[in-house]
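Structure record follows, encoded as structure tokens.
The values are calculated or read from the model by the stated rules, or taken from the named source; none is laboratory data. These figures come from a predicted structure and were not determined experimentally. When we count neighbours, we look across all protein chains shown, and the Cβ atoms used for this are built from the backbone with ideal geometry, even at glycine. Remember, those area values only see protein heavy atoms, side chains included, never the ligands or the DNA or RNA. Shrake-Rupley method; radii C 1.70, N 1.55, O 1.52, S 1.80 Å.
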Amino acid sequence: MSLYQLQKLLYQLNRDPHTRTRFEADRGALLSDYELSEEEEAAIRADDVGLLYVLGVNGQILMHYAAMCGYEWHEYLQAMRDGLERHGPVRRGLYATVWE
Amino acid sequence: MSLVFAGVCSHGPGITGRSEQADPAVRDAFYENFHRMRDAIEATRPDALVVVAAEHFANFFMNNMPSLAIGMAEHYEGPIEDEAWLGIERRRIPGNAALSKRLIERIMRTSDVAYAEEWLFDHGIMVPLHFLTPRYDLPIVPVNINCQGPPLIPLDRTWEFGCALREAIDNVPERIALVGTGGLSHWPATPDSGVINEAWDREFLERWCLGDREALCAFTDEETYREAGQGGFEIRTHVAVAGACAGSKGRVWFYAPIPIFAVGCTIATMEVSEAGLAGNDPSGDER
């Protein structure tokens, strides 16, 4: 459930200027609107794109968040590689799909 | 009137946003074929362009995800992305709500489809329009197939949707051009961005050009994910166009992997009638 909530937060940050304004004004207050795990919340608080990737955020959502945080394209790709190095394989979501 | 043009193309944001980083020779040959497709569309004097796309969480999210959706508005806006990042200025794009409504009503006789009276275009539609309708003077009917957030519609039902779309197009008085845009193999926005499985792409395009329903629908999502990445799920857009052109053959005008564009860049058309229309150009093969 919380990956859904995490992606919802990032989707709304990407799409909704009001959400972005709230994010910039008081990140903690905005985060309390979403059911996030402690690790997910910490990743958002730290702009940790690599960890967000490992936690399962879809790249089509994550790349816009990374751009918002000031990552140039190659920095974004490197941040995900660093995340894999530091935290291990992607844990959930599309990139962790196990086919039956 | 009927379908007057049918084709498929790539839409990766790097195509416009990272243009300067690509090998100029390959990039320019790709652009040239995009322009050639624009000329072919214009030559058919269409009243509207139906774009079958695979948007990337621009309008639709997992809170309420339609497998199939069609825009029904007088105008649209795009791109949603940062203009500098994508290399395309934000603008209003004309639609035709009445035409959309007639198409949707007809499609609903045989296929389920959601409609949307608001629709923001992301790179999945804006990159093709940048090349194909650069004056933004042709009304667009956007169609979306969910290729991003599984569960995804099966390929055979995507083909059937294409058939329903064709039947609807053939039952409106307007002249309609149809372009599908997506895939093929790619791992967009992941650490594997830039990886391209050319052999898989060419195998897919061979099946597409044959209009072979069984062969096209034989790709499983597991195989596609393994061989073509999550971006490969966007072959649904191409399968829908093939379904809309059932019985026709296709031609690949251009195919080349361009890693900085993160995709095997493709321009291909399906023949749609006897004379003068796209796909019947004797010089139409890949060059």
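Quick look at the numbers
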item	result
Helices (runs of 4 or more DSSP H) wholly inside the stretch A:3-100 that include at least 2 residues being under 21 Å from residue B:190 (Cα atoms)	A:38-45, A:49-54, A:59-68, A:73-87
Condition check for residue A:25: out of contact with any strand residue (DSSP E or B) (no Cβ under 7 Å at 6 or more places or on another chain) and within 11 Å of chain B (Cβ to nearest Cβ)	no
Residues (in a loop (DSSP other than H, G, I, E, B) and out of contact with any Lys or Arg (no Cβ under 9 Å at 6 or more places or on another chain)) located in the stretch B:142-153	B:148, B:149, B:150, B:151
Qualifying residues in the stretch B:82-129 (those that are surrounded by fewer than 15 Cβ atoms within 10 Å (Cβ to Cβ) and within 14 Å of chain A (Cβ to nearest Cβ)) - the one modelled with the highest pLDDT	B:118
Test result for residue B:64, of a type outside the set (Gly, Ala, Ser), modelled with pLDDT of 95 or more and over 17 Å from the mean Cα position of the chain (by Cα)	yes
Filter result for the condition that a residue is β-branched (Val, Ile, Thr) and under 30 Å from residue A:95 (Cβ atoms), over B:104, B:169, B:153	B:153
The stretch B:139-157, subset among the hydrophobic types (A, V, I, L, M, F, W, C) and under 16 Å from the mean Cα position of the chain (by Cα), residue farthest from residue B:86 (Cα to Cα)	B:155
Positions within the stretch B:33-76 being open to solvent by 30 Å² or more (accessible area, probe 1.4 Å), part of a loop (DSSP other than H, G, I, E, B) and of a type in the set (Asp, Glu), in sequence order	B:47, B:74
Complete set of residues in the stretch A:67-100 that are at pLDDT 95 or above and either within 9 Å of another protein chain (Cβ to nearest Cβ) or open to solvent by less than 30 Å² (accessible area, probe 1.4 Å) (or both)	A:76, A:77, A:78, A:79, A:80, A:81, A:83, A:84, A:88, A:90
Where residue B:79 falls short, out of the listed (1) touching a residue at least 40 places away in the same chain (Cβ under 8 Å); (2) open to solvent by 20 Å² or more (accessible area, probe 1.4 Å); (3) not basic (Lys, Arg)	(2)
First in the stretch A:54-76 and within 23 Å of residue A:2 (Cβ to Cβ), second anywhere and assigned to a helix (DSSP H, G or I) and acidic (Asp, Glu), Cβ under 7 Å, 6 or more apart	A:55/A:39; A:55/A:40
Boolean, residue B:173 is out of contact with any Lys or Arg (no Cβ under 6 Å at 6 or more places or on another chain), outside any helix (DSSP H, G or I), within 25 Å of residue B:69 (Cα to Cα) and within 10 Å of another protein chain (Cβ to nearest Cβ)	no
Single residue of the stretch B:190-220 satisfying the filter (crowded, with 18+ Cβ neighbours inside 10 Å and within 14 Å of chain A (Cβ to nearest Cβ)) that is nearest to the chain's Cα centre (by Cα)	B:219
Some residue of the stretch A:36-45 being within 26 Å of residue B:123 (Cα to Cα) and either under 12 Å from the mean Cα position of the chain (by Cα) or modelled with pLDDT under 95 (or both)	yes
